[in-house]
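Worksheet: the structure to be examined is printed underneath.
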Amino acid sequence: MMQILWNSVVGLPQASTFAADVDWLFDFVFWFSVVGLVGVTAAGLWFMWRYRRSHADPEKTAYIEGHAPSELGVSVFLFVVVMAIFYWGWIDYKTMLEAPPGAMEINVTGRQWAWQFEYPNGRKEATMLTLPKGVPVKLIMGSADVLHSFYVPALRVKQDLVPGAYTSLWFEATQTGEFPILCAEYCGTAHSRMLSTLKIVEPDAYERWHKRWEFAQQFGVAEAQAATLPPASLAEKGKKLFAEKACTACHTVDGSALVGPSLKGMFGSKRLFADGSSVVADENYVRQSLMDPQAKVVKGFQPVMPTQRGLLTDEEINALVAYIKSVK
Ligand code: CUA
């Protein structure tokens, strides 16, 4: 029902090779159920009226024994329909289960509360997963902490991510554009903000996108300035990391509070903590907040930030500190 409304009102795109098949099956089950519900309800109402107790003859109601051929007929009919739906679903599911050989492989990691994507050339992204149109892609997925579920409604694909094991999912996108990636398994405080974007581009644009990055890696410059710009400042690198590591899921830089406090004007200000103590935010405070977030929890917030120990290099911490300083 929601799917139908969503499709017709908002126009959810059918952006993968699976989408049309999934919609066909869904619509069949949906409309078969609607016709069944209306039919059974109408028959029920009609029987109530037809065989109601009559004032003229209150005692006389025909004793009905049942009708074996009708009962058997209905049972066989429903059995056949249910088996047909099962077979239909199984055929589609089998297609979705096995990636074609040679599919492009991308690693996906889910963590509280961000997605991270890693390409075969080592490139890592978090806020956007860029992929080519018309190419089968297999996502090899794992979780760093709890259960998550990778869900792209426009592609009609969804798969759980399980800590300590790999799960996978494949698809072939048929449209260019940007489609929301959601987490469909409750995973803690910021579950609803565990969002990312799937960007589907033409295959040659995808190649160029990687070529630029590879060039930038090779010559040790940030991608944006592979052409002309001056080298990025430490704060600019920090800003990029802030987005890439999905710090933005919990912290804003505009003063509004999400799961965590905003970082606007934080550096150099007096921080009040849940235990009543306070400190003026300096470099060490920022570092401690990243490595050991539970040590000092800002008053009014929950101690839910996961540690970044082992996830950030010293260089990256320097860049983040520089960026946080710059957010006035
Ligand atoms: Cu991750 Cu919900």
- Checklist (1) hydrophobic (A, V, I, L, M, F, W, C); (2) closer than 30 Å to Tyr151 by Cβ; (3) at pLDDT 90 or above applied to Ala20, failing item: (3)
- May I ask you to list the residues in region 179-188 that are more than 10 Å from the ligand (Cβ to nearest atom) and either free of Cβ contacts under 8 Å to residues at least 60 places away in the same chain or assigned to a loop (DSSP other than H, G, I, E, B) (or both)? Pro180
- Message: Here's a check for you: in region 162-190, which residue that is under 16 Å from Asn107 (Cα atoms) and among the aromatic types (Phe, Trp, Tyr) is modelled with the lowest pLDDT?
- Response: Tyr166
- Matching residues, region 288-325, being touching a residue at least 24 places away in the same chain (Cβ under 8 Å), among the hydroxyl-bearing types (Ser, Thr, Tyr) and surrounded by fewer than 18 Cβ atoms within 10 Å (Cβ to Cβ): none
- Query: Considering only residues of region 135-158 that are of a type in the set (A, V, I, L, M, F, W, C) and within 12 Å of the ligand (Cβ to nearest atom), which is farthest from Lys199 (Cα to Cα)?
  - Reply: Val146
- Within the bounds of region 145-156, is there any residue that is touching a helix residue (DSSP H, G or I) at 6+ places or on another chain (Cβ under 7 Å) and either more than 26 Å from His251 (Cα to Cα) or surrounded by fewer than 20 Cβ atoms within 10 Å (Cβ to Cβ) (or both)? yes
- Of all residues in region 159-178, which are surrounded by 14 or more Cβ atoms within 10 Å (Cβ to Cβ) and without any contact (Cβ under 8 Å) to a residue 24 or more places away in the chain? Gln159, Val162
- Would region 124-142 turn up any residue that is farther than 25 Å from Val22 by Cα, in contact with a Phe, Trp or Tyr (Cβ under 7 Å, 6 or more places away or on another chain) and of a type in the set (A, V, I, L, M)? yes
- Message: Would you confirm whether or not region 160-171 contains a residue that is more than 12 Å from the ligand (Cβ to nearest atom), in contact with a His (Cβ under 9 Å, 6 or more places away or on another chain) and either assigned to a strand (DSSP E or B) or among the polar types (S, T, N, Q) (or both)?
- Response: no
- Query: Which pairs do you get when a residue that is under 21 Å from Arg156 (Cβ atoms), found in region 19-44, comes within reach of a residue that is surrounded by fewer than 13 Cβ atoms within 10 Å (Cβ to Cβ) and small (Gly, Ala, Ser), reach meaning Cβ atoms under 7 angstrom, with the pair 6+ apart or on two chains?
  - Reply: none
- Among all residue pairs at least 6 apart or on different chains, which show Cβ distances below 7 Å where the first residue, located in region 200-212, is assigned to a helix (DSSP H, G or I) and the second is loosely packed, with under 12 Cβ neighbours inside 10 Å? His210/Asn121
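The values are calculated or read from the model by the stated rules, or taken from the named source; none is laboratory data. The structure presented is a predicted model; accordingly, all values stated were derived computationally and were not measured. A quick note on method: Cβ atoms are made from the backbone with ideal geometry, for glycine too, and the neighbour counts reach across all protein chains shown.
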